[in-house]
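The values are calculated or read from the model by the stated rules, or taken from the named source; none is laboratory data. Because the structure is a prediction, the values reported are computed rather than measured. Glycine gets a Cβ as well: all are built from the backbone with ideal geometry, and neighbour counts include every protein chain shown. Surface accessibility is based on the protein's heavy atoms, side chains included, excluding ligands, DNA and RNA. Shrake-Rupley method; radii C 1.70, N 1.55, O 1.52, S 1.80 Å.
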Amino acid sequence: MKAIEGGSHCQACTDVGIGRRSFIGGALSLAAMPAVAATNSSEVLRFGLTPVFLSNDLEVLDELKRYLANSTGHEIQLITQRTYQEVTALLVAGNLEAAWICGYPYRKFQDDLTLVATPSWRGRPLYQSYLIVGADRGASSMEDCRGDIHAFSDPDSNSGYLVTKAYLAQRRSSEDTFFRKTFFTYGHRNVIRAVASGLANSGSVDGYVWEVMKGIEPDLVSQTKVLVKSEWYGFPPIAAPAKLKGAPAFELLRSAFLRMGSHPVGQSLLGRLQLDGFVDAPSSAFDGIAANIELVRRLG
């Protein structure tokens, strides 16, 4: 984490997540769904969502479903799970046509996944990880968080876990030795709540989520402040099984996301999400995440 002090502003994959074989095996037991098939006029397109802030907003979910159904001409089934791992497992196993996931599992399973589209936020398909503390705390640097009870979002989250883990690994430390205690909240919103309530002294959170929530829930977010901002990383993308690339379902969903800004419902949805739109970002946008995975693998 490249620190901007006082701002307002992996071990191998099997060490910080799970092994590929057990991962896919878990996916098969998680949901008894047919594998991806050729698209026809009656096919239901299954779209997965990780537990980011939007999954708690029923109006956003309804608008997303209506927009995708209108744009693709197919019934849309939105599938949410409690953890990033569960959603990514379904995607890798071919039990979803696409999902909005984090850049971390995308790079971990890049041989099994392909990009559909990437959100653009404030003019770029990039975002940051924030390390937050209580608003009244006198901390001025990451070092002041030594000995904290620290809240992470999800073990497969880049901004909510990997960035902080890599920052500590680079300094020959780890979350177990640097912090007094850590726990996962399984949602960036929940990290903010944990820090705001004092359940955690500090937390690692998606900077985009923190910024959006600052407008949606100002009373909550004002109880926290950003201590450190990371460098910029590829924004959590829409991904699909690699074997689906070029198939009708893939092309329909890709077109729907890339053209979202030209549709009235799509424009409304982008407004709710505070995104510029979706773009065709290169996989290299996620190289910083891959570098952190390798850093943790070597030093974590």
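Give just the number: which of (1) farther than 24 Å from G94 by Cα; (2) touching a helix residue (DSSP H, G or I) at 6+ places or on another chain (Cβ under 9 Å) does F250 not satisfy?
So F250 meets the others, but not (1).
Is there a residue in region 206-216 that is touching a Gly at 6+ places or on another chain (Cβ under 8 Å) and either under 17 Å from T164 (Cα atoms) or at pLDDT below 95 (or both)?
So far as region 206-216 goes, yes, one or more of its residues are touching a Gly at 6+ places or on another chain (Cβ under 8 Å) and either under 17 Å from T164 (Cα atoms) or at pLDDT below 95 (or both).
Return the residue satisfying two criteria in turn: it lies in region 180-200 and is touching a Ser or Thr at 6+ places or on another chain (Cβ under 8 Å) and of a type in the set (A, V, I, L, M, F, W, C), and of such residues it is farthest from Q85 (Cα to Cα).
Filtering region 180-200 for residues that are touching a Ser or Thr at 6+ places or on another chain (Cβ under 8 Å) and of a type in the set (A, V, I, L, M, F, W, C), the one farthest from Q85 (Cα to Cα) comes out as A196.
List the residue pairs whose Cβ atoms are under 6 Å apart, where the first residue sits in region 260-274 and is on the phi < 0 side of the Ramachandran plot, the second is open to solvent by less than 40 Å² (accessible area, probe 1.4 Å) and among the aromatic types (F, W, Y), and the two are 6 or more positions apart or on different chains.
As it stands, the answer is M260/F278; V265/Y67; G266/Y67; L269/Y67, since those pairs meet every condition given.
Which of the residues that make up region 236-255 are more than 17 Å from V87 (Cα to Cα) and either outside any helix (DSSP H, G or I) or at pLDDT below 95 (or both)?
K245, G246, A247
Got a sec? Which of L299, L295 is buried (at least 18 other Cβ atoms within 10 Å of the Cβ) and either closer than 27 Å to R107 by Cα or within 19 Å of the chain's Cα centre (by Cα) (or both)?
Going through L299, L295 in turn, the sole match is L295.
Does at least one position in region 161-170 carry a residue that is open to solvent by less than 50 Å² (accessible area, probe 1.4 Å) and either closer than 20 Å to L220 by Cβ or basic (K, R) (or both)?
Yes, region 161-170 contains a residue that is open to solvent by less than 50 Å² (accessible area, probe 1.4 Å) and either closer than 20 Å to L220 by Cβ or basic (K, R) (or both).
For region 238-283, give me each residue that is closer than 30 Å to Y161 by Cα and surrounded by fewer than 18 Cβ atoms within 10 Å (Cβ to Cβ).
A242, K243, K245, L258, G271, R272, Q274, D276, V279, D280, P282, S283
Here's a check for you: in region 91-145, which residue that is touching a Pro at 6+ places or on another chain (Cβ under 6 Å) and of a type in the set (A, V, I, L, M, F, W, C) is most open to solvent (accessible area, probe 1.4 Å)?
L115
Here is a check on your reading of the model: is F235 crowded, with 20+ Cβ neighbours inside 10 Å, touching a Pro at 6+ places or on another chain (Cβ under 6 Å) and either over 22 Å from L45 (Cα atoms) or not β-branched (V, I, T) (or both)?
It is true that F235 is crowded, with 20+ Cβ neighbours inside 10 Å, touching a Pro at 6+ places or on another chain (Cβ under 6 Å) and either over 22 Å from L45 (Cα atoms) or not β-branched (V, I, T) (or both).
Which condition from (1) of a type outside the set (A, V, I, L, M); (2) more than 27 Å from E86 (Cβ to Cβ); (3) part of a loop (DSSP other than H, G, I, E, B) is the one that P155 breaks?
P155 satisfies every listed condition except (2).
Please go through region 189-219 and pick out each residue that is crowded, with 16+ Cβ neighbours inside 10 Å, in a helix (DSSP H, G or I) and not β-branched (V, I, T).
R189, N190, R193, A194, A196, G207, Y208, W210, E211, M213
Let me confirm something: among K225, K214, K229, which residue is of a type in the set (K, R) and over 30 Å from P282 (Cα atoms)?
K225
For region 172-188, which residues satisfy the criterion of being surrounded by fewer than 16 Cβ atoms within 10 Å (Cβ to Cβ), in a helix (DSSP H, G or I) and not charged (D, E, K, R)?
Within region 172-188, T177 is the sole residue that qualifies.
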